[in-house]
Amino acid sequence: MAVNGGAHQDYNRLDEVKQFDDSKIGVKGLVDSGLTSLPRMFIHPKGALSDLKSVARTESQVIPTIDLSGVDSDRRPAIVEQVSNACRKLGFFQIMNHGLPLDVMNRTIAAVKGFHELPTEVKKQWYRRGINTGVAFFSNVDLYKAKAASWRDTIQVKLGPAPAEAEEIPEMCRNEIVEWIQQASQLAEILMELLCEGLGLNVGRLKEMTCLESKVLLGHYYPHCPQPDLTFGIPSHTDPGVLTLLLQDHIGGLQVKHGVEWVEVKPIPGALVVNIGDIFQILSNDEYKSVDHRVLANPSPGPRVSVAIFFTAGNRDRLYGPIPELVSPEKPALYRQFMLDDYMTRFFTKDLADKTLTDYYRT
Ligand code: OGA
Ligand code: NI
(Lines give C-alpha, C1' and ligand atoms only; values in the text may rest on other atoms or scores of the structure.)
(Ligands and ions follow the chains in the order given, each with its own letter.)
Protein backbone atom coordinates (compact mmCIF):
# COMPACT_ATOMS: atom_id res chain seq x y z
CA MET A 1 0.00 0.00 0.00
CA ALA A 2 1.36 3.38 -0.91
CA VAL A 3 2.23 5.51 2.03
CA ASN A 4 0.79 8.84 1.22
CA GLY A 5 0.12 11.27 4.00
CA GLY A 6 -1.97 13.51 1.79
CA ALA A 7 -1.52 17.22 1.33
CA HIS A 8 -3.39 18.12 4.48
CA GLN A 9 -0.57 16.77 6.62
CA ASP A 10 1.58 19.69 5.66
CA TYR A 11 0.13 23.01 6.59
CA ASN A 12 0.05 25.14 3.49
CA ARG A 13 -0.22 28.71 4.59
CA LEU A 14 -0.64 30.13 1.12
CA ASP A 15 -3.62 27.83 0.45
CA GLU A 16 -5.32 28.94 3.64
CA VAL A 17 -4.66 32.61 2.91
CA LYS A 18 -5.89 32.30 -0.64
CA GLN A 19 -9.04 30.50 0.41
CA PHE A 20 -9.78 33.23 2.94
CA ASP A 21 -9.09 35.97 0.40
CA ASP A 22 -11.18 34.29 -2.32
CA SER A 23 -14.11 33.91 0.08
CA LYS A 24 -14.24 37.75 0.35
CA ILE A 25 -15.97 37.46 3.71
CA GLY A 26 -13.25 39.15 5.77
CA VAL A 27 -12.64 38.51 9.45
CA LYS A 28 -16.18 39.70 10.19
CA GLY A 29 -17.47 36.87 8.00
CA LEU A 30 -15.38 34.34 9.95
CA VAL A 31 -16.78 35.60 13.24
CA ASP A 32 -20.33 35.48 11.84
CA SER A 33 -19.78 31.86 10.85
CA GLY A 34 -19.55 31.09 14.55
CA LEU A 35 -15.89 30.23 14.77
CA THR A 36 -14.50 29.98 18.29
CA SER A 37 -10.78 29.47 17.66
CA LEU A 38 -8.45 31.24 15.27
CA PRO A 39 -7.55 29.75 11.89
CA ARG A 40 -3.83 29.09 11.89
CA MET A 41 -3.02 31.89 9.42
CA PHE A 42 -3.97 34.48 12.08
CA ILE A 43 -1.74 33.13 14.83
CA HIS A 44 1.33 35.30 15.31
CA PRO A 45 4.70 33.87 16.30
CA LYS A 46 5.35 33.60 20.05
CA GLY A 47 8.10 36.23 19.89
CA ALA A 48 5.76 38.85 18.45
CA LEU A 49 3.13 38.09 21.10
CA SER A 50 5.52 38.06 24.03
CA ASP A 51 5.06 41.71 25.03
CA LEU A 52 1.28 41.88 24.61
CA LYS A 53 0.91 42.60 28.28
CA SER A 54 3.72 45.11 28.78
CA VAL A 55 1.46 48.11 29.08
CA ALA A 56 2.53 51.20 30.99
CA ARG A 57 0.46 52.15 33.99
CA THR A 58 1.00 55.89 33.80
CA GLU A 59 -0.44 56.19 30.31
CA SER A 60 -2.63 59.22 30.92
CA GLN A 61 0.47 61.28 31.59
CA VAL A 62 2.29 60.03 28.57
CA ILE A 63 0.14 60.68 25.50
CA PRO A 64 -0.83 64.34 25.87
CA THR A 65 -4.24 65.70 24.97
CA ILE A 66 -3.84 69.17 23.54
CA ASP A 67 -6.63 71.74 23.65
CA LEU A 68 -6.76 73.55 20.30
CA SER A 69 -9.26 76.19 21.36
CA GLY A 70 -7.96 79.67 20.59
CA VAL A 71 -5.50 78.39 18.03
CA ASP A 72 -5.65 81.77 16.27
CA SER A 73 -5.47 83.77 19.51
CA ASP A 74 -2.60 84.55 21.83
CA ARG A 75 -2.78 80.91 22.95
CA ARG A 76 -1.16 79.86 19.68
CA PRO A 77 2.49 79.88 20.84
CA ALA A 78 1.59 77.67 23.82
CA ILE A 79 -0.29 75.26 21.52
CA VAL A 80 2.62 75.17 19.07
CA GLU A 81 4.95 74.32 21.90
CA GLN A 82 2.77 71.50 23.20
CA VAL A 83 2.34 70.03 19.73
CA SER A 84 6.03 70.31 19.00
CA ASN A 85 7.04 68.69 22.30
CA ALA A 86 4.67 65.79 21.70
CA CYS A 87 6.04 65.20 18.19
CA ARG A 88 9.63 65.32 19.37
CA LYS A 89 9.14 62.99 22.29
CA LEU A 90 6.35 60.61 21.38
CA GLY A 91 5.24 61.18 17.83
CA PHE A 92 1.61 60.96 19.04
CA PHE A 93 -0.91 63.26 20.67
CA GLN A 94 -4.64 63.72 20.98
CA ILE A 95 -6.51 66.94 20.26
CA MET A 96 -9.63 68.44 21.82
CA ASN A 97 -11.69 71.46 20.76
CA HIS A 98 -10.44 71.05 17.20
CA GLY A 99 -13.66 72.39 15.69
CA LEU A 100 -14.97 69.11 14.25
CA PRO A 101 -18.45 68.53 15.68
CA LEU A 102 -19.02 65.48 17.85
CA ASP A 103 -22.09 64.47 15.88
CA VAL A 104 -20.09 64.45 12.65
CA MET A 105 -17.50 62.21 14.35
CA ASN A 106 -20.18 59.87 15.66
CA ARG A 107 -21.93 59.71 12.30
CA THR A 108 -18.66 58.83 10.58
CA ILE A 109 -17.94 55.96 12.97
CA ALA A 110 -21.53 54.73 12.64
CA ALA A 111 -21.38 54.85 8.83
CA VAL A 112 -18.13 52.86 8.64
CA LYS A 113 -19.54 50.34 11.12
CA GLY A 114 -22.69 50.14 9.02
CA PHE A 115 -20.68 49.39 5.89
CA HIS A 116 -18.84 46.51 7.54
CA GLU A 117 -22.13 45.17 8.86
CA LEU A 118 -23.78 45.02 5.44
CA PRO A 119 -24.69 41.47 4.41
CA THR A 120 -21.55 39.71 3.16
CA GLU A 121 -23.13 39.11 -0.23
CA VAL A 122 -23.61 42.85 -0.70
CA LYS A 123 -20.23 43.87 0.73
CA LYS A 124 -18.35 41.40 -1.49
CA GLN A 125 -18.79 43.60 -4.56
CA TRP A 126 -16.17 45.98 -3.19
CA TYR A 127 -13.68 43.30 -2.15
CA ARG A 128 -10.41 43.60 -4.05
CA ARG A 129 -6.63 43.87 -3.72
CA GLY A 130 -5.62 46.29 -6.48
CA ILE A 131 -6.04 49.30 -4.28
CA ASN A 132 -4.30 52.23 -5.91
CA THR A 133 -7.53 53.92 -6.89
CA GLY A 134 -11.17 54.23 -5.98
CA VAL A 135 -12.84 52.34 -3.18
CA ALA A 136 -11.86 48.90 -1.91
CA PHE A 137 -12.89 46.57 0.86
CA PHE A 138 -10.31 44.02 2.01
CA SER A 139 -8.96 42.22 5.03
CA ASN A 140 -5.27 42.87 5.85
CA VAL A 141 -3.54 45.12 3.34
CA ASP A 142 -0.41 42.91 3.57
CA LEU A 143 -2.26 39.56 3.59
CA TYR A 144 0.15 37.83 1.17
CA LYS A 145 3.31 39.35 2.63
CA ALA A 146 2.74 39.17 6.37
CA LYS A 147 3.94 36.17 8.33
CA ALA A 148 0.58 36.17 10.12
CA ALA A 149 -2.70 37.91 9.38
CA SER A 150 -4.47 40.20 11.86
CA TRP A 151 -8.02 40.48 13.13
CA ARG A 152 -9.44 43.37 11.13
CA ASP A 153 -11.20 44.34 7.91
CA THR A 154 -10.86 47.65 6.12
CA ILE A 155 -12.67 49.86 3.65
CA GLN A 156 -10.27 52.13 1.81
CA VAL A 157 -11.16 55.31 -0.07
CA LYS A 158 -8.43 56.89 -2.17
CA LEU A 159 -8.64 60.67 -1.79
CA GLY A 160 -5.77 62.03 -3.83
CA PRO A 161 -3.88 62.81 -5.99
CA ALA A 162 -6.61 61.01 -8.01
CA PRO A 163 -9.62 60.88 -5.67
CA ALA A 164 -12.37 58.29 -5.88
CA GLU A 165 -15.64 59.59 -7.30
CA ALA A 166 -18.24 60.09 -4.57
CA GLU A 167 -20.50 57.65 -6.48
CA GLU A 168 -17.90 54.89 -5.98
CA ILE A 169 -18.32 55.11 -2.20
CA PRO A 170 -20.99 52.67 -0.98
CA GLU A 171 -24.20 54.62 -0.66
CA MET A 172 -24.84 53.60 2.93
CA CYS A 173 -21.72 55.51 4.13
CA ARG A 174 -21.20 57.95 1.26
CA ASN A 175 -22.47 61.25 2.71
CA GLU A 176 -20.75 60.69 6.03
CA ILE A 177 -17.40 59.79 4.49
CA VAL A 178 -17.51 62.72 2.07
CA GLU A 179 -18.28 65.10 4.92
CA TRP A 180 -15.58 63.60 7.13
CA ILE A 181 -12.95 63.95 4.43
CA GLN A 182 -13.86 67.56 3.89
CA GLN A 183 -13.75 68.50 7.58
CA ALA A 184 -10.72 66.40 8.44
CA SER A 185 -8.73 67.87 5.56
CA GLN A 186 -9.34 71.40 6.80
CA LEU A 187 -8.16 70.36 10.23
CA ALA A 188 -5.09 68.67 8.75
CA GLU A 189 -4.09 71.95 7.14
CA ILE A 190 -4.27 73.70 10.52
CA LEU A 191 -2.26 70.90 12.13
CA MET A 192 0.41 71.03 9.46
CA GLU A 193 0.77 74.75 10.03
CA LEU A 194 1.22 74.20 13.76
CA LEU A 195 3.72 71.42 13.09
CA CYS A 196 5.70 73.66 10.73
CA GLU A 197 5.79 76.42 13.31
CA GLY A 198 6.99 73.91 15.86
CA LEU A 199 10.02 73.30 13.66
CA GLY A 200 10.64 77.01 13.05
CA LEU A 201 9.52 76.67 9.40
CA ASN A 202 7.20 78.90 7.41
CA VAL A 203 3.62 77.91 8.21
CA GLY A 204 2.93 76.91 4.62
CA ARG A 205 6.06 74.81 4.12
CA LEU A 206 4.37 71.37 4.16
CA LYS A 207 1.52 72.54 1.98
CA GLU A 208 4.03 73.93 -0.49
CA MET A 209 5.66 70.48 -0.55
CA THR A 210 2.21 69.08 -1.61
CA CYS A 211 1.73 67.31 1.73
CA LEU A 212 -2.02 67.93 1.70
CA GLU A 213 -2.56 66.57 -1.78
CA SER A 214 -2.14 62.85 -1.40
CA LYS A 215 -4.41 61.17 1.06
CA VAL A 216 -6.23 57.95 1.70
CA LEU A 217 -8.96 57.04 4.17
CA LEU A 218 -9.04 53.67 5.93
CA GLY A 219 -12.18 52.66 7.81
CA HIS A 220 -11.10 49.77 10.02
CA TYR A 221 -13.41 47.26 11.66
CA TYR A 222 -11.99 45.06 14.43
CA PRO A 223 -14.57 42.36 15.20
CA HIS A 224 -14.63 40.57 18.52
CA CYS A 225 -11.69 38.16 18.62
CA PRO A 226 -12.25 34.78 20.33
CA GLN A 227 -8.52 34.34 21.14
CA PRO A 228 -7.08 37.84 21.50
CA ASP A 229 -3.83 36.54 23.00
CA LEU A 230 -2.84 34.86 19.73
CA THR A 231 -3.11 37.69 17.24
CA PHE A 232 -3.27 41.47 16.74
CA GLY A 233 -5.76 43.98 15.39
CA ILE A 234 -2.77 45.60 13.66
CA PRO A 235 0.76 44.46 14.49
CA SER A 236 3.39 47.01 15.47
CA HIS A 237 4.24 49.36 12.59
CA THR A 238 4.99 52.96 11.76
CA ASP A 239 2.81 54.94 9.34
CA PRO A 240 4.46 55.64 6.01
CA GLY A 241 3.15 59.12 5.21
CA VAL A 242 3.53 62.62 6.60
CA LEU A 243 0.70 62.81 9.10
CA THR A 244 -2.14 60.55 10.26
CA LEU A 245 -5.42 61.80 11.71
CA LEU A 246 -7.34 59.07 13.49
CA LEU A 247 -10.89 58.94 14.77
CA GLN A 248 -11.46 56.00 17.12
CA ASP A 249 -14.58 54.80 18.90
CA HIS A 250 -14.88 54.08 22.63
CA ILE A 251 -13.48 50.52 22.66
CA GLY A 252 -9.72 51.16 22.87
CA GLY A 253 -6.76 48.91 22.07
CA LEU A 254 -4.44 51.33 20.26
CA GLN A 255 -1.00 51.39 21.88
CA VAL A 256 2.15 53.41 21.21
CA LYS A 257 5.69 52.26 21.91
CA HIS A 258 7.53 54.42 24.37
CA GLY A 259 10.90 53.07 25.42
CA VAL A 260 10.30 49.42 26.28
CA GLU A 261 6.68 49.96 27.22
CA TRP A 262 3.43 50.17 25.31
CA VAL A 263 1.29 53.17 26.16
CA GLU A 264 -2.46 53.08 25.60
CA VAL A 265 -4.10 55.81 23.55
CA LYS A 266 -7.22 56.06 25.67
CA PRO A 267 -10.42 56.84 23.79
CA ILE A 268 -11.67 60.28 24.83
CA PRO A 269 -15.09 61.35 23.55
CA GLY A 270 -14.63 64.18 21.06
CA ALA A 271 -10.86 63.76 20.77
CA LEU A 272 -8.87 62.87 17.66
CA VAL A 273 -5.50 61.15 17.54
CA VAL A 274 -2.65 62.66 15.52
CA ASN A 275 0.65 60.98 14.71
CA ILE A 276 3.78 61.62 12.71
CA GLY A 277 4.62 59.30 9.79
CA ASP A 278 7.97 58.17 8.43
CA ILE A 279 8.11 60.79 5.68
CA PHE A 280 7.68 63.60 8.19
CA GLN A 281 10.39 62.15 10.42
CA ILE A 282 12.69 62.25 7.39
CA LEU A 283 11.59 65.76 6.30
CA SER A 284 12.16 67.00 9.84
CA ASN A 285 15.62 65.39 9.92
CA ASP A 286 14.59 63.35 12.97
CA GLU A 287 13.27 66.33 14.98
CA TYR A 288 9.82 64.70 14.93
CA LYS A 289 9.42 60.99 15.59
CA SER A 290 7.49 58.38 13.68
CA VAL A 291 6.91 55.75 16.33
CA ASP A 292 5.75 52.16 16.46
CA HIS A 293 2.16 51.57 17.34
CA ARG A 294 -0.23 48.63 17.25
CA VAL A 295 -3.82 47.67 17.97
CA LEU A 296 -4.58 44.68 20.17
CA ALA A 297 -7.06 42.12 18.91
CA ASN A 298 -10.44 43.20 20.20
CA PRO A 299 -11.55 41.12 23.21
CA SER A 300 -14.82 42.99 23.78
CA PRO A 301 -18.11 41.49 22.57
CA GLY A 302 -18.82 44.33 20.13
CA PRO A 303 -16.62 45.54 17.27
CA ARG A 304 -14.07 48.37 17.42
CA VAL A 305 -14.20 50.94 14.62
CA SER A 306 -11.59 53.53 13.65
CA VAL A 307 -11.23 55.88 10.71
CA ALA A 308 -7.74 57.01 9.72
CA ILE A 309 -6.77 59.54 7.08
CA PHE A 310 -3.15 59.35 5.94
CA PHE A 311 -1.70 62.49 4.42
CA THR A 312 1.42 62.30 2.33
CA ALA A 313 3.17 64.26 -0.38
CA GLY A 314 1.33 64.30 -3.70
CA ASN A 315 4.29 64.81 -5.94
CA ARG A 316 5.61 61.33 -6.63
CA ASP A 317 8.56 62.15 -8.83
CA ARG A 318 10.32 64.94 -7.05
CA LEU A 319 13.07 64.29 -4.56
CA TYR A 320 12.32 64.30 -0.84
CA GLY A 321 14.74 64.41 2.05
CA PRO A 322 15.43 66.56 5.12
CA ILE A 323 14.08 70.10 4.60
CA PRO A 324 17.12 72.34 3.87
CA GLU A 325 16.18 74.88 6.59
CA LEU A 326 16.58 72.11 9.15
CA VAL A 327 20.04 71.07 7.98
CA SER A 328 23.19 72.83 9.15
CA PRO A 329 26.83 71.99 9.87
CA GLU A 330 25.76 71.18 13.44
CA LYS A 331 22.80 69.12 12.23
CA PRO A 332 23.84 67.42 9.00
CA ALA A 333 21.25 65.64 6.86
CA LEU A 334 20.51 62.24 8.36
CA TYR A 335 18.85 60.93 5.20
CA ARG A 336 19.63 60.89 1.52
CA GLN A 337 17.13 62.21 -0.99
CA PHE A 338 14.69 59.80 -2.60
CA MET A 339 11.68 59.64 -4.86
CA LEU A 340 8.37 59.11 -3.13
CA ASP A 341 7.42 56.51 -5.70
CA ASP A 342 10.42 54.43 -4.71
CA TYR A 343 9.46 54.78 -1.07
CA MET A 344 5.83 53.79 -1.56
CA THR A 345 6.73 50.80 -3.72
CA ARG A 346 9.04 49.55 -0.98
CA PHE A 347 6.36 50.13 1.66
CA PHE A 348 3.67 48.20 -0.13
CA THR A 349 5.86 45.19 -0.87
CA LYS A 350 6.75 44.60 2.76
CA ASP A 351 5.15 42.95 5.75
CA LEU A 352 3.57 45.79 7.77
CA ALA A 353 5.24 44.45 10.89
CA ASP A 354 8.75 44.51 9.41
CA LYS A 355 11.25 47.21 10.19
CA THR A 356 10.37 50.77 9.26
CA LEU A 357 11.72 52.18 6.03
CA THR A 358 13.37 55.24 7.52
CA ASP A 359 16.56 53.30 8.14
CA TYR A 360 16.77 52.36 4.49
CA TYR A 361 17.31 56.00 3.50
CA ARG A 362 19.51 56.91 6.45
CA THR A 363 22.95 58.23 5.52
C1 OGA B 1 -3.26 52.43 10.97
C2 OGA B 1 -3.41 52.43 12.44
C3 OGA B 1 -4.87 52.51 14.34
C4 OGA B 1 -6.30 52.25 14.71
O5 OGA B 1 -4.28 52.28 10.26
O6 OGA B 1 -2.11 52.60 10.51
O7 OGA B 1 -2.42 52.47 13.12
O8 OGA B 1 -6.65 52.56 15.85
N9 OGA B 1 -4.65 52.39 12.95
O10 OGA B 1 -7.04 51.72 13.89
NI1 NI C 1 -0.76 53.14 11.95
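The values are calculated or read from the model by the stated rules, or taken from the named source; none is laboratory data. Because the structure is a prediction, the values reported are computed rather than measured. We place every Cβ from the backbone using ideal geometry, glycine too, and count neighbours over all the protein chains shown. For the accessible areas, the whole protein counts, side chains as well, though only heavy atoms, and no ligand, DNA or RNA atoms are used. Shrake-Rupley method; radii C 1.70, N 1.55, O 1.52, S 1.80 Å.
Can you work out the FRET efficiency for the pair Glu121 and Ser300, with r the C-beta to C-beta distance and R0 = 30 Å, to the nearest 0.05? Working from the Cβ atoms, E equals 0.65. Take the alpha carbon atoms of the stretch 231-290, find their center, do the same for the stretch 71-146, and report the distance between the two centers in whole angstrom. Distance between centres, Cα-based: 11 Å. Segment Thr36..Asn106, full-extension length gain: 22.1 nm, with 0.36 nm per residue of separation and the alpha-carbon distance subtracted.
Projecting label points 7 angstrom from Cα along Cα→Cβ for Asp317 and Glu81 puts them 4.6 nm apart.
The magnitude of the dipole of the stretch 108-199, with charges of +1 and -1 set on the Cβ of Lys/Arg and Asp/Glu and taken from the Cα centre, is near 640 debye. Would you work out what percent of the accessible area of the chain, with all protein chains in place, is carbon or sulfur (probe 1.4 Å)? Carbon and sulfur together cover 54 percent of it.
Taking amide hydrogens as placed 1.01 Å from N in the peptide plane, the amide H of Leu159 sits under 5 Å from those of Ala164, Lys215, Val216, Leu217, each at least 5 positions away in sequence or on another chain. Spin-label pair Arg346-Met96: with each label point 7 Å from Cα along the Cα-Cβ axis, the two points sit 4.0 nm from one another. Entry comment: accessible area of the stretch 103-261 is 38 Å² per residue, from protein heavy atoms only and a probe of 1.4 Å.
When the charge dipole of the stretch 13-361 is built from unit charges on Cβ atoms (+1 for Lys and Arg, -1 for Asp and Glu) and taken about the Cα centre, the candidate among Thr120, Leu52, Thr244 whose Cα reaches farthest toward its positive end is Leu52.
The HN-Hα couplings worked out from phi for the stretch 175-186 by the Karplus form 6.51 cos²θ - 1.76 cosθ + 1.60 (θ = phi - 60°) are 4, 5, 5, 4, 5, 4, 4, 5, 5, 5, 5, 4 Hz, whole numbers, x standing for Gly and Pro.
Ordering 137-147, 231-241 by mean Cβ neighbour count within 10 Å, with the highest value first, yields 231-241, 137-147. Quote the relative contact order of the stretch 13-361 in percent (integer), defining contacts as alpha-carbon pairs under 8 Å separated by 6+ residues. Computed value for the stretch 13-361: 22 percent relative contact order. GNM on the chain, alpha-carbon springs under 10 angstrom: the most fluctuating residue among Thr312, Thr108, Thr120 is Thr120.
Using R0 = 30 Å, the C-beta based FRET efficiency linking Asp15 and Arg362 works out to 0.20. Considering every alpha-carbon pair of the stretch 15-157, the percent of pairs per 5 Å bin, from zero through the bin containing the longest distance, is 2, 8, 12, 13, 13, 13, 14, 12, 8, 4, 1, 0, 0.
With the convex hull of its Cα atoms as the shape, the stretch 13-361 has an orientation-averaged projected area of 16.9 nm². Computed per residue of the chain from DSSP H runs no shorter than four, each worth -39500 (n - 2.57), the mean residue ellipticity at 222 nm is -8500 deg cm²/dmol.
Given 20 °C and 1.002 mPa s, how large is the Stokes-Einstein diffusion coefficient of the stretch 198-310 in µm²/s, with Rh as the Kirkwood radius over Cα pairs?
The calculation lands on 140 µm²/s.
Checking the Cα-Cα distances for Lys28/Lys207; Lys147/Lys207; Lys24/Lys289; Lys18/Lys113; Lys89/Lys124; Lys158/Lys331 against a 32 Å cut-off, the pairs over it are Lys28/Lys207; Lys147/Lys207; Lys24/Lys289; Lys89/Lys124; Lys158/Lys331.
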